[in-house]
Amino acid sequence: LAQGVEHARDAHGVDEVPEAVVQRACHARYLEYQEQAIRELCTRYGKIDIFWWDAAWWGGMFTSEMWDGENINRMIRRLQPGIVINNRCSVPGDFDTPEGKLGTFQDWRPWESCICLTGTWSYSGTPPKARDQLIRMLVSNACGDGNLLLSWGPHWDGAFDDGEKERLLEVAGWLQAHGRAIFNTRGGPWKPGAWGGSTHCGETVYLHLFECASDKLDLPELPGRTLLDARLLDGAAVPFAMEDGRVSIALPTAGSNESPVQVVELHFDGSVEGLAAIATEAESL
């Protein structure tokens, strides 16, 4: 900053320099530093998979000109072919990053919700979010065809908090029983609603059930597909019917593991990959 002030004084021939002029002088030097630092990251540490930009919030994100965003991203891609870059360099990048909230259904462009495990970024001693809340966040993002980026950080000595580790292990326990409805799936083919949402892989669709006003769930039929079987993940059969352009699924009662989400596995007579997502009601997670 001192160097920037001195430079600005010399350039303008005055003792008092307007703050905006100082900022411009300092910022030019910062852009030089930024390019050197990013070039080092992209050339000295092997293959990099993701470049995740972040930015300060000064009543609005920086503009592309302030970051020199287009040029710096071109340099990153030239030095690291195949890299994935987020959208926080004031140019679109490769994926979106809603922060502190769940994203909506979006299967035409990748995205991930950035959420704190506790009440703050990094470690602060605040308690972690409840197990059921984290599971619903994870499921909601998967049903919206997005990812969950869950932030947590260590104590000052590098050790992770026991309570936070335990909470993540609780979520891992749920995934051990329900993981095939999350891993290697895409959101849809039914868009989320107040009842929950769906994920799919090949010929299989997973219904993630949150709430429903009745003892059955009626969904629009999938075009050109016939439902062959419906079961819970533990193998128990679930009654279903197809009629009048609807698929009707009997809702199971809460399981013994007290899962906040009940999952029903549907098997169709053909792959559902590539089908356009179908709205079921007012879209809300």
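The values are calculated or read from the model by the stated rules, or taken from the named source; none is laboratory data. In this text the structure is predicted, and so the values were computed from the model without any measurement. Because the Cβ atoms are built from the backbone with ideal geometry, glycine has one as well, and the counts that use them run over all protein chains shown. In case anyone asks, the SASA skips ligands and DNA or RNA and just uses the protein heavy atoms, side chains included. Shrake-Rupley method; radii C 1.70, N 1.55, O 1.52, S 1.80 Å.
Could you identify which residue out of H208, H200, H27 has the top mean-square fluctuation in a GNM of the chain using Cα springs shorter than 10 Å?
Most flexible of the set in this elastic network: H27.
Subtracting the Cα-Cα distance from 0.36 nm times the residue separation, let me have the gained length for A279 to D218 in nm, one decimal.
Fully extending the segment from A279 to D218 adds 20.8 nm.
Give me the aspartates and glutamates in straight-line cross-link reach of K101: C-alpha distance below 14 Å, same-chain residues under 8 apart excluded.
Straight-line reach from K101, under 14 Å: E112.
Roughly how much of D234 is accessible, in Å² to the nearest 10, using a 1.4 Å probe?
120 Å²
Please pull out the direction-averaged projected area of segment 149-285, using the convex hull of its alpha-carbon atoms, in nm² to one decimal place.
Projected area, direction-averaged: 9.8 nm².
When 1/r is averaged over all different Cα pairs and the result inverted, which Kirkwood radius in Å belongs to the chain?
It is 22.3 Å.
Between M66 and D244, what is the FRET efficiency for a Förster distance of 51 Å, r being their Cβ-Cβ separation, to the nearest 0.05? Don't jump to the answer; show the numbers that get you there.
On the way: r = 57 Å, r/R0 = 1.12.
Efficiency computed from Cβ-Cβ geometry: 0.35.
Multiply the residue gap between R186 and Q133 by 0.36 nm, knock off their C-alpha separation, and tell me the result in nm, one decimal place.
Contour length minus Cα-Cα distance gives 17.0 nm.
How tilted is helix 2-12 with respect to the longest principal axis of the chain? Cα atoms for both, answer in degrees (0 to 90, nearest 10).
Once rounded, the angle reads 60 degrees.
Ignoring ligands and nucleic acids, what accessible area does Y206 show with a 1.4 Å probe (Å², nearest 10)?
20 Å²
With angles folded into 0 to 90 degrees, how steeply does helix 162-178 sit against the dominant principal axis of the chain? Use alpha carbons for both and round to 10.
Roughly 40 degrees between the two axes.
Can you tell me the length gained on complete extension of the stretch L175 to R29, counting 0.36 nm per residue apart and subtracting the Cα distance?
47.8 nm
Kirkwood hydrodynamic radius (Cα pairs, Å) of segment 221-270? Kindly include the intermediate steps, with their values, before the conclusion.
Numbers: mean 1/r = 0.0842 Å⁻¹.
This gives a value of 11.9 Å.
Working from Cα positions, state the angle (0 to 90°, nearest 10) between the long axis of helix 19-44 and the longest principal axis of the chain.
60 degrees
Quick check on packing: order 186-196, 131-141 by the mean number of other C-beta atoms within 10 Å, highest mean leading.
The most tightly packed comes first, giving 186-196, 131-141.
How high is the FRET efficiency from R77 to S122, r the C-beta distance, R0 30 Å, rounded to 0.05?
On the way: r = 30 Å, r/R0 = 0.99.
The computed FRET efficiency comes out at 0.50.
Near the amide H of E203, under 5 Å away, which other amide H atoms are found, from residues 5 or more places off or on another chain, if H is placed in the peptide plane?
It is V272, by chain and number.
Heads up, I need the accessible area for C89: 1.4 angstrom probe, whole protein in place, Å², nearest 10.
0 Å²
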